[in-house]
Structure formats: structure tokens, C-alpha cells
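Input: a single structure, listed below in C-alpha cells.
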Amino acid sequence: MTVIAVDGLTGFRDVGGMSAAGGVIREGRLFRSGHLAGLDEEGADALRTRIRRILDLRADDEAAEDVTALEGVAITRLPLYLGSTRSFFLEDYSLGEIYAHLLSGSSAQLVAAARMIAAGEPTLVHCTAGKDRTGVVIALVLSAVGADRDAVVSDYALTSQLIPAEHRRATSERLAAKYPKSQHAWMLATESPAEVMRATLAALDAEWGSAAEYLLAHGFTIEELAALRAALVDQASPAPSEGDPS
């Protein structure tokens, strides 16, 4: 994966380069970040040179509060949470419980996201912090095409490190004050522990067999899975056989 510095954009990176079954994840095909409201024109130009489609996973109120003003790139809104994000704090969900909630309750949206990525255009996936909803979508599609599990988890874990420390601190303090009974509020907003994503993917495997089988069980087709793999995986060239003059 390659972190790309763009002013006004947090956590922007290309997830390509990690090994996958039969090859490597293509570079320049799948990107992730936090919201885009802080972009200036120079940052917008930097994005336009790399991506052709944006997949925005935020709810309506989030999108209205932090508006994406970027012309020349197709934007698809696909709100991923069903219900209010506030309920996660009020009910004191852990990160793992939220990810399980997404996988069980938002399967149609996750399949729709995978279909968009399978179209093969250079695509940026983002939510607000670029951590949870984005993290689940990216981990799901990468796992579905056989990306190395450790690399997928490492990419997820990197997210919190790319959020400026002062922002993490301010957000944690604000949420702790707003939801004093929540033991998990600070983690929900600012942290991306490797063990949480590793456990999430292990639970997915245990229930469905694999990320690919999860998608297939929820409406994805074999042809779409092949298209997703073609979009994301750069197939390794076979090694020359012994005696092959090439």
C-alpha cells in the first residue's frame, strides 16, 4: 500500500501492491481515505489525476455537514449504516460488534460496493474518518480476491496512525463528554486495532467460508466475482519451464 500526501485529505492511500492469490493487488485501482470536505483546488487536481469514481459511504447528515466539492469525478452515495450512528455510542457497541452489525445488516450495500469496484475504474472509497465503513468494504473486497490476510489487516491498522494526533485527542474528549457511559466511545472514533479486523475476518470465514462466499451468498454472481478479481488482481506471469529459451 502507498500513502499519498494530499492537503486537506486524511489517510489517502492506494491499497495496491499487496500479494494476492496468483498475483498482486493492482496499483492505481483502489484507494481509500477520510471525507473530502477539506480539499483545496490543488488537492482536487491531485485526486482527479488518480481516480475516476468516488464511493461515499456516509449517511445523509454526514454528507450535508462535510460537503464534497469535487468536479470531474463521478460520485456515488452508498450509505452503509442502517440506522443512526448515535445508537452505537448509546448502546456502547465495540468496534467488533459494529463490524459484525455491518456484515449482517448491510449486506446489500456491501455487495453494491463490490459491484462498483468490480467495474474496474480507479475508485476511491471513503466515509467520514475512512476507518470503519471504509475499512470493512476494503477488507471485504481485498479478501474476496485472495489478498494476503496480514497485509489486509495491516492496511486497516494503519488508518488510526494517519489521523492527526490532535484530531484523535479532540474527538476522543468530545465523545467521552457526550457519551459518558460509553466505554468504547473513544475507540469507535479514533482507533483501528489490528486484532479487531483480524477477528472480524476470522468470524466471516467461520460463518461463510470466505469473503468471496459471503458475497456470493448475498447476491454477487460468479461472473461478478471474476470481474472483481480481474479489476483488482494483477496476475503473476508464470515462471518459464526448465529448458524454455524465454
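The values are calculated or read from the model by the stated rules, or taken from the named source; none is laboratory data. Quick caveat, the model's predicted, so the values are computed rather than measured. Cβ placement follows ideal geometry from the backbone for every residue including glycine, while neighbour counts extend to all protein chains displayed. All accessible areas refer to the heavy atoms of the entire protein, side chains included, with ligands and DNA or RNA removed. Shrake-Rupley method; radii C 1.70, N 1.55, O 1.52, S 1.80 Å.
Which of the helices (runs of 4 or more DSSP H) contained wholly in the stretch 180-230 include at least 3 residues that are surrounded by fewer than 16 Cβ atoms within 10 Å (Cβ to Cβ) and more than 16 Å from the chain's Cα centre (by Cα)?
Passing ranges, in order: 194-208.
If Gly16 satisfies every condition in (1) within 14 Å of Ile138 (Cα to Cα); (2) open to solvent by 10 Å² or more (accessible area, probe 1.4 Å); (3) in contact with an Asp or Glu (Cβ under 7 Å, 6 or more places away or on another chain) but one, which is the exception?
(2)
Yes/no per residue for (1) open to solvent by less than 60 Å² (accessible area, probe 1.4 Å); (2) in a helix (DSSP H, G or I):
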position: Glu27; (1), (2): no, no
position: Phe31; (1), (2): yes, no
position: Ala46; (1), (2): yes, yes
position: Leu55; (1), (2): yes, no
position: Ala63; (1), (2): yes, yes
position: Tyr81; (1), (2): yes, no
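For the stretch 106-126, state whether one or more residues are more than 22 Å from Leu47 (Cα to Cα) and outside any helix (DSSP H, G or I).
yes
Here is a list: Thr68, Thr2. Which entry is farther than 16 Å from Cys127 by Cα, open to solvent by 30 Å² or more (accessible area, probe 1.4 Å), touching a residue at least 12 places away in the same chain (Cβ under 8 Å) and among the polar types (S, T, N, Q)?
Every option except Thr2 fails the conditions.
Which members of the stretch 140-161 meet the condition of being open to solvent by 50 Å² or more (accessible area, probe 1.4 Å) and either among the aromatic types (Phe, Trp, Tyr) or not in a helix (DSSP H, G or I) (or both)?
Within the stretch 140-161, Asp148 is the sole residue that qualifies.
Take Arg115 and decide whether it is open to solvent by 50 Å² or more (accessible area, probe 1.4 Å) and modelled with pLDDT of 95 or more.
The answer is yes for Arg115.
If Asp205 passes every condition in (1) free of Cβ contacts under 8 Å to residues at least 60 places away in the same chain; (2) touching a Pro at 6+ places or on another chain (Cβ under 9 Å) but one, which one does it miss?
Every condition holds for Asp205 apart from (2).
Take the stretch 127-138 and flag every residue that is open to solvent by less than 10 Å² (accessible area, probe 1.4 Å), in a helix (DSSP H, G or I) and farther than 16 Å from Arg29 by Cβ.
Answer for the stretch 127-138, where residues must be open to solvent by less than 10 Å² (accessible area, probe 1.4 Å), in a helix (DSSP H, G or I) and farther than 16 Å from Arg29 by Cβ: Gly135, Val136.
From the set of residues in the stretch 65-79 that are in a loop (DSSP other than H, G, I, E, B) and hydrophobic (A, V, I, L, M, F, W, C), which is modelled with the lowest pLDDT?
The extreme case among them is Ala69.
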